1. Starting from region 130-147, keep only residues that are in contact (Cβ under 8 Å) with a residue 40 or more places away in the chain and within 16 Å of Phe47 (Cα to Cα), then list their pairs with residues that are of a type in the set (Phe, Trp, Tyr) and open to solvent by less than 10 Å² (accessible area, probe 1.4 Å) whose Cβ atoms are within a distance under 7 Å, requiring at least 6 positions of separation or different chains.
2. Does region 216-239 include one or more residues that are in a loop (DSSP other than H, G, I, E, B) and buried (at least 22 other Cβ atoms within 10 Å of the Cβ)?
3. Looking at region 251-264 only, could you name the residues that are in contact with a helix residue (DSSP H, G or I) (Cβ under 8 Å, 6 or more places away or on another chain) and outside any loop (DSSP other than H, G, I, E, B)?
4. Residue by residue through region 180-195, note down the ones that are assigned to a helix (DSSP H, G or I), more than 8 Å from the ligand (Cβ to nearest atom) and surrounded by 22 or more Cβ atoms within 10 Å (Cβ to Cβ).
5. Please specify each residue of region 258-279 satisfying the condition of being within 19 Å of Gly238 (Cα to Cα) and open to solvent by 10 Å² or more (accessible area, probe 1.4 Å).
6. Does Ala130 count as within 18 Å of Val335 (Cβ to Cβ), surrounded by 23 or more Cβ atoms within 10 Å (Cβ to Cβ), touching a helix residue (DSSP H, G or I) at 6+ places or on another chain (Cβ under 7 Å) and not charged (D, E, K, R)?
7. Across region 26-56, what is the total count of residues that are of a type in the set (S, T, N, Q) and open to solvent by less than 10 Å² (accessible area, probe 1.4 Å)?
8. Among the numbered criteria (1) touching a residue at least 24 places away in the same chain (Cβ under 8 Å); (2) more than 9 Å from the ligand (Cβ to nearest atom), which single criterion is violated by Asn311?
Amino acid sequence: MTVTSDIRKGLNGVVVDYTAISKVNPETNSLLYRGYPVQELAAQCSFEEVAYLLWHGELPTPAERAAFEASERALRALSPAVQAVIDLTPTTAHPMDVVRTAVSLIGASDPDAENDTREANLAKSLRLFAQLPAIVAYDQRRRRGQELIAPRDDLDYSSNFLFMAFGEVPAPAVVDAFRVSMVLYAEHSFNASTFTARVITSTLSDLYSAVTGAIGALKGPLHGGANEAVMHIFNEIGDAAAAEGWLEGALTEKRKIMGFGHRVYKDGDSRVPTMKTALDTLIEHYDRPALLSLYTTLELAMTERKGILPNLDYPSGPAYHLMGFDTAAFTPLFVAARITGWTAHIMEQLESNALIRPLSAYNGPDERHLAAA
Ligand code: SDX
């Protein structure tokens, strides 16, 4: 077996399979979900409609949308077992570990977990889509010493998510900024967590195992964990006047500046302008000009100093902060959105599956043998 010496560390630039779910195009700096520009979906569609589009390939008809919403609303409430496992998980655990544990229990409790028909996987996908808001909202509330809030089935997905987290439905501008963030975070082709889900699925393991693995991959600060890390950076810097000095120091220490750079986009992340507009709305609504000044100063300094542009996590972190979420809850919010893309890819992987098993080039010791006994 000849092993090529052309090693592509991190699979950088390697095309491993087709997908019909989304197209990330760095040449045109664009992102399509099933052919629709994400900016149009963010402007005109609910997150429920985008979930339906990713799973079914088409936007729902009014009747399909009504049926989908009714099914989703019926699944929102936490089961006593899931609430108990959240309560049993120490508050010293990272919220991503709580999400991973809760999803794992939902899977272990599903009698249909091993059924990998499309119909069964659609049902599992909808269950996780509907349950994640309660998991994320309740975990944040229990850390604050607050009680669980039951979902309301008279509210759409975004309004209900914020209601379960904060006990009230915020202003329409805040709900809409949240909806936009969910649409933008939903799907992004073969990113590390999605590819993790596809690798697990390629062995014919179950959807819940694939999602649990994807949550583990998303937690890392080079991937989904970056939105939380952006807020830590803002808190570390303090105000705009300190931004340039902070950046010089950080770059001297060879630190990665969270929220900047992307493996695929090299002229800026196509989603950033849309999320930045949502952030601007929130900054105006909550009257936080100092936050905007810090955001803009750091972005300008990073662009001038390193020529590296923001990714979606850069505007999303401060946006979730303004909405009132704890910083450690930011990446769980990313999970609640990306569950749609992950599960769409899991179902696509099963349609024309091939076990994902790359090669390695050995650079260990030459063959050697134990001394005769
Ligand atoms: C997401 O893949 C997806 O689609 C992911 C995602 C999605 O929707 O699923 O878009 C979500 O994960 C966005 C990325 C969030 N991560 C961060 O914000 C973490 C900070 N960013 C970097 O770690 C980095 O930009 C990556 C990991 C995102 C991409 O890095 P690459 O393509 O592997 O490039 P690299 O790390 O090899 O960097 C190339 C050069 C290096 O300099 P040298 O060592 O060659 O001198 O650019 C430098 C890097 O040091 N660089 C940075 C930097 N990003 C790149 N230097 C400082 N800060 C950064 N953020």
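The values are calculated or read from the model by the stated rules, or taken from the named source; none is laboratory data. Worth saying up front: this structure is predicted, and the values here are computed from it rather than measured. Heads up, the Cβs are rebuilt from the backbone with ideal geometry, glycines too, and the neighbour counts pull from every protein chain shown. Only protein heavy atoms, including side chains, enter the accessible area calculation; ligands, DNA and RNA are left aside. Shrake-Rupley method; radii C 1.70, N 1.55, O 1.52, S 1.80 Å.
1. Pairs that qualify, where the first residue is in contact (Cβ under 8 Å) with a residue 40 or more places away in the chain and within 16 Å of Phe47 (Cα to Cα) and the partner is of a type in the set (Phe, Trp, Tyr) and open to solvent by less than 10 Å² (accessible area, probe 1.4 Å), are Pro133/Phe161.
2. yes
3. Quick first cut of region 251-264, residues in contact with a helix residue (DSSP H, G or I) (Cβ under 8 Å, 6 or more places away or on another chain) only: 251, 257-260, 263.
Leu251, Phe260, listed by residue number.
4. Restricting attention to region 180-195, the residues satisfying the condition of being assigned to a helix (DSSP H, G or I) are 180-185, 192-195.
After this cut, where a residue has to be more than 8 Å from the ligand (Cβ to nearest atom) as well, the list is 180-184, 195.
Within region 180-195, Val180, Ser181, Met182, Val183, Leu184 qualify.
5. Across region 258-279, the qualifying residues are Met258, Phe260.
6. On the way: within 18 Å of Val335 (Cβ to Cβ): yes; surrounded by 23 or more Cβ atoms within 10 Å (Cβ to Cβ): no; touching a helix residue (DSSP H, G or I) at 6+ places or on another chain (Cβ under 7 Å): yes; not charged (D, E, K, R): yes.
Taking the combined requirement at face value, the residue does not satisfy it.
7. Going residue by residue through region 26-56, those that are of a type in the set (S, T, N, Q) are 28-30, 39, 44, 46.
Going one step further and asking which of them are open to solvent by less than 10 Å² (accessible area, probe 1.4 Å), we end up with none.
Number of matching residues: 0.
8. (2)
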